[in-house]
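Worksheet: one structure, shown below.
The values are calculated or read from the model by the stated rules, or taken from the named source; none is laboratory data. What you see is a predicted model, and the numbers here were worked out from it, not measured in a lab. Counting neighbours? That spans all protein chains shown, and the Cβs are built from the backbone with ideal geometry, glycine included.
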Ligand SMILES: Cc1cc2nc3c(=O)[nH]c(=O)nc-3n(C[C@H](O)[C@H](O)[C@H](O)COP(=O)(O)O)c2cc1C
Ligand SMILES: Nc1ncnc2c1ncn2[C@@H]1O[C@H](COP(=O)(O)OP(=O)(O)OP(=O)(O)O)[C@@H](O)[C@H]1O
Ligand SMILES: [Mg+2]
């Protein structure tokens, strides 16, 4: 086949223009030579090199499977193998890796090129990096799940509250009718009533967490909202680590464009990461202060493993995780940053291996809020 390279003077003016166009195209384009053994790449445009981080010298003459790695789905590789053996075209999303090891989702379109005699001479591959779209999709699915859970919790809460009514009111009535000396029985009834109250509070917390309040309509009172959120955080941590909350701000400090549910999601994600990093012992400290600009500054501090700079640099990337397969999706901090930015805020991290980690979240004052991204 013709090697489609701009610098090749042997090809005619039309082809030269065509290859120049492909070269500057914003989508990645590769061509594999099907007349040679193992379908080596004979061409890759600039966009492909930019996306993957490889140089032309690294890849020309090699089969494109060098992009695959540890978590690439073998089913997807088999599907490509079968399509190529059959000379058919194929569209597929496959997890690939850049030269520096970063994973990315590649939406790949493979098409066979037949010569005038009907012989398969080449394959053309068109690649799109769809990592951000897939992350957005996962977040949307997650949001829908929370929303469905919210609807279900709403229905359940109503019924549960009805069922709890007798347990909330009867113990007192029965207690009043007991003879003076029935101290133990009264204590038992008080325990019963307290349990019913706890159950009612739990239902209320669940509702606050799952309710999809429209962020931005009402400002959140920072201190109160954090205290409320910490109830859910503590339940989620289930005693793995303790949580302490410190603040010296006035109760008037507000966070705008952030819903109670989003604040809870932020704190749950940060606290779960902290618990993982601390090997489930110690405390997560949450500190709320007023920032010099009048906004809110929230710090979430742990005394866990800390992170080396190369990990810190990537923690907000979608799908970046250092946890074993099945334990971390690598989405927690991506979601956190998204929620913080939606509120016009910014998140940063200070960490050192062995010295723990502090996340700093700055929410601007009510008047200065411009959502980012
Ligand atoms: C033109 C062309 C482009 C390709 N691009 C990619 C790619 O971007 N990512 C990838 O994982 N595989 C890509 N492949 C598929 C692999 O090269 C290879 O065909 C696949 O891994 C199945 O074959 P194997 O089972 O022998 O590895 C491409 C194949 C061709 C022919
Ligand atoms: N407090 C922390 N201490 C040390 N490392 C952390 C801390 N928080 C995050 N990390 C690092 O950042 C990575 C990304 O965190 P992120 O919450 O986005 O994903 P994850 O926890 O791996 O998975 P999940 O999607 O389940 O949250 C973690 O895998 C971990 O390496
Ligand atoms: Mg996490």
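Between 247, 256, the distinction of being surrounded by 16 or more Cβ atoms within 10 Å (Cβ to Cβ), over 22 Å from residue 342 (Cβ atoms) and modelled with pLDDT of 85 or more belongs to 247 only. Taking region 152-200 as the range and being loosely packed, with under 13 Cβ neighbours inside 10 Å and within 31 Å of the chain's Cα centre (by Cα) as the test, the residues that pass are 152, 155. Under the condition of being away from ligand 3 (no atom under 14 Å from the Cβ), crowded, with 20+ Cβ neighbours inside 10 Å and at pLDDT below 90, the residues counted in region 315-340 number 0.
Out of the residues in region 125-141 that are touching a residue at least 60 places away in the same chain (Cβ under 8 Å) and not in a helix (DSSP H, G or I), which is nearest to residue 338 (Cα to Cα)? Looking at residues that are touching a residue at least 60 places away in the same chain (Cβ under 8 Å) and not in a helix (DSSP H, G or I), I get 129. Taking region 21-98 as the region of interest, the helices (runs of 4 or more DSSP H) fully inside it that hold 3 or more residues being under 26 Å from the mean Cα position of the chain (by Cα) are 46-52, 74-86.
Here are some residues: 275, 366. Which one is more than 16 Å from ligand 3 (Cβ to nearest atom) and in contact with a strand residue (DSSP E or B) (Cβ under 8 Å, 6 or more places away or on another chain)? Residue meeting the stated conditions: 366. Comparison of 280, 305 shows that the only residue that is within 16 Å of ligand 3 (Cβ to nearest atom), assigned to a loop (DSSP other than H, G, I, E, B) and modelled with pLDDT of 95 or more is 305.
Return yes or no: is residue 346 near ligand 2 (Cβ under 9 Å from one of its atoms), touching a residue at least 24 places away in the same chain (Cβ under 8 Å) and either under 29 Å from residue 295 (Cβ atoms) or surrounded by fewer than 18 Cβ atoms within 10 Å (Cβ to Cβ) (or both)? So residue 346 fails the test. Every condition in (1) within 15 Å of ligand 3 (Cβ to nearest atom); (2) at pLDDT 95 or above; (3) over 21 Å from the mean Cα position of the chain (by Cα) is met by residue 312 except one, and the failing one is (3).
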